[in-house]
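One structure is given here, and the rest of the page talks about it.
The values are calculated or read from the model by the stated rules, or taken from the named source; none is laboratory data. In this text the structure is predicted, and so the values were computed from the model without any measurement. Here the Cβ is made from the backbone with ideal geometry for all residues, glycine too, and neighbour counts use every protein chain on show.
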Amino acid sequence: MEEKEKEAAEPDFWNDPKKAEQKQIEIRDLKKWINDYSNAEQKLEDLKVIHEFFEEGEAEEEDVSAHHNKAKEIIEELEFKKMLSREEDKLNAVLSINSGAGGTESQDWAEMLMRMYMRWAERNDFKTKILDTQDGDTAGIKSASIEITGEYAYGYLKGENGVHRLVRISPFDANNKRHTSFASVYAYPLIDDSIKIEINPADITWETYRASGPGGQNVNKVESAVRLRYNPDNIIVECQESRSQSQNRQKALTMLKSQLYEIELRKKREKIDKIESAKKKIEWGSQIRNYVMHPYKMVKDLRTNTETSNVQEVMDGGINRFIKAFLIEYGDQN
């Protein structure tokens with residue numbers, strides 16, 4: 001950090017503003033790590049001191065226990081943060097949700113998942129922005145793309161990729177039969193200016209359409225929404241965030257570049273997995289979590305076996321137990 005601060009003090013440091021800004025971010029991140037480590041170190045020293053007082057009969061056992069728990073909590077948080085030490089982990093994220101086969105049931109489930117992640121973001125001080133939604137035929141949504149902004153947004157959400165399965169009594173079935181619904185979730189890092197991805201314009205096909213949902217009369221009358229097709233990888237990106245078609249085009253390009261960046265990251269991980277075959281593997285796009293609302297209540301992550309009977313808490317965004325369990329078990333692979 002001291003070396004980087006010396007660079008920042010050079011007279012020509014701001015000659016390249018983008019490079020300088022990136023250096024400043026690196027300094028800030030290093031300072032955060034140093035401060036967190038120093039804090040953990042201090043709490044450990046405090047624990048040693050209170051333990052010495054306890055042995056001399058000058059402190060209560062409850063005091064030692066309280067200091068121990070605080071030191072343990074801070075050190076565990078530091079260990080958890082280490083699971084988010086990859087370059088891409090600190091980036092913002094785009095979360096794409098798609099309903100599976102099953103019509104209204106799966107479309108309603110996709111909307112429930114969208115609400116769950118929006119509530120999770122709110123509870124953890126992340127900002128959200130809906131980039132695109134495709135309404136369901138009678139209820140719910142067919143698909144949605146949400147931008148989630150905040151420190152380590154992608155790092156937290158990368159373990160949510162896969163198929164989410166719901167079992168419940170259907171509110172759309174007059175016979176009150178139990179239904180199973182599926183929806184897929186795909187999180188990818190939203191790249192910033194420090195990451196360069198080259199795209200051949202000839203590989204892109206553009207379409208425009210009228211935006212759906214809220215946004216005023218102009219949004220619905222003018223074809224401001226855009227659909228981008230990237231032919232080499234058969235990637236489709238839709239965006240209706242803005243009333244401006246040009247702004248939606250720019251955002252769609254950023255979303256495409258972000259997906260291509262994530263695909264390259266995944267290819268690198270797959271090569272590493274082949275070399276280090278002893279490590280546990282996670283099949284991409286496989287079923288990762290069951291949400292059961294009938295005949296009993298349970299949410300269970302199939303990768304870590306983490307589970308809870310408090311389904312309502314999970315649907316209200318309380319998914320950190322699943323996120324942390326995944327990162328602690330698989331963080332070094334992803």
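Considering only residues of the stretch 315-334 that are polar (S, T, N, Q) and part of a helix (DSSP H, G or I), which is modelled with the lowest pLDDT? Let's see the steps before the verdict.
Filtering the stretch 315-334 down to residues polar (S, T, N, Q) leaves 320, 333-334.
The next check asks that each one be part of a helix (DSSP H, G or I); those that pass are 320, 333.
Numbers: 320: 94, 333: 57.
The selected residue is 333.
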For residue 101, work out the one condition from (1) in a helix (DSSP H, G or I); (2) aliphatic (A, V, I, L, M); (3) loosely packed, with under 13 Cβ neighbours inside 10 Å it doesn't fulfil.
(1)
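Select the strands (runs of 3 or more DSSP E) contained entirely in the stretch 162-228, then report the ones holding at least 1 residues which are at pLDDT 80 or above and small (Gly, Ala, Ser). Step through it out loud before you land on a result.
On the way: elements: 162-169, 178-190, 204-209.
Answer list for the stretch 162-228: 162-169, 178-190.
Step by step: first the residues of the stretch 136-148, then only those that are surrounded by 15 or more Cβ atoms within 10 Å (Cβ to Cβ) and among the polar types (S, T, N, Q), then the one that is nearest to the chain's Cα centre (by Cα). Which residue is that? Show your work before the answer.
Narrowing the stretch 136-148 to residues surrounded by 15 or more Cβ atoms within 10 Å (Cβ to Cβ): 136, 140-148.
Restricting the remaining residues to those that are among the polar types (S, T, N, Q) gives 143, 145.
On the way: 143: 17, 145: 12 Å.
Going through the qualifying residues, I end up with 145.
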Scan the stretch 7-17 residue by residue and report those that are of a type outside the set (Asp, Glu) and surrounded by 10 or more Cβ atoms within 10 Å (Cβ to Cβ).
8, 13, 14
Test residue 52 against the stated conditions and say whether it is outside the structural domain of residue 251 (by TED's automatic domain parsing), of a type in the set (D, E, K, R), within 30 Å of residue 138 (Cα to Cα) and assigned to a helix (DSSP H, G or I).
no
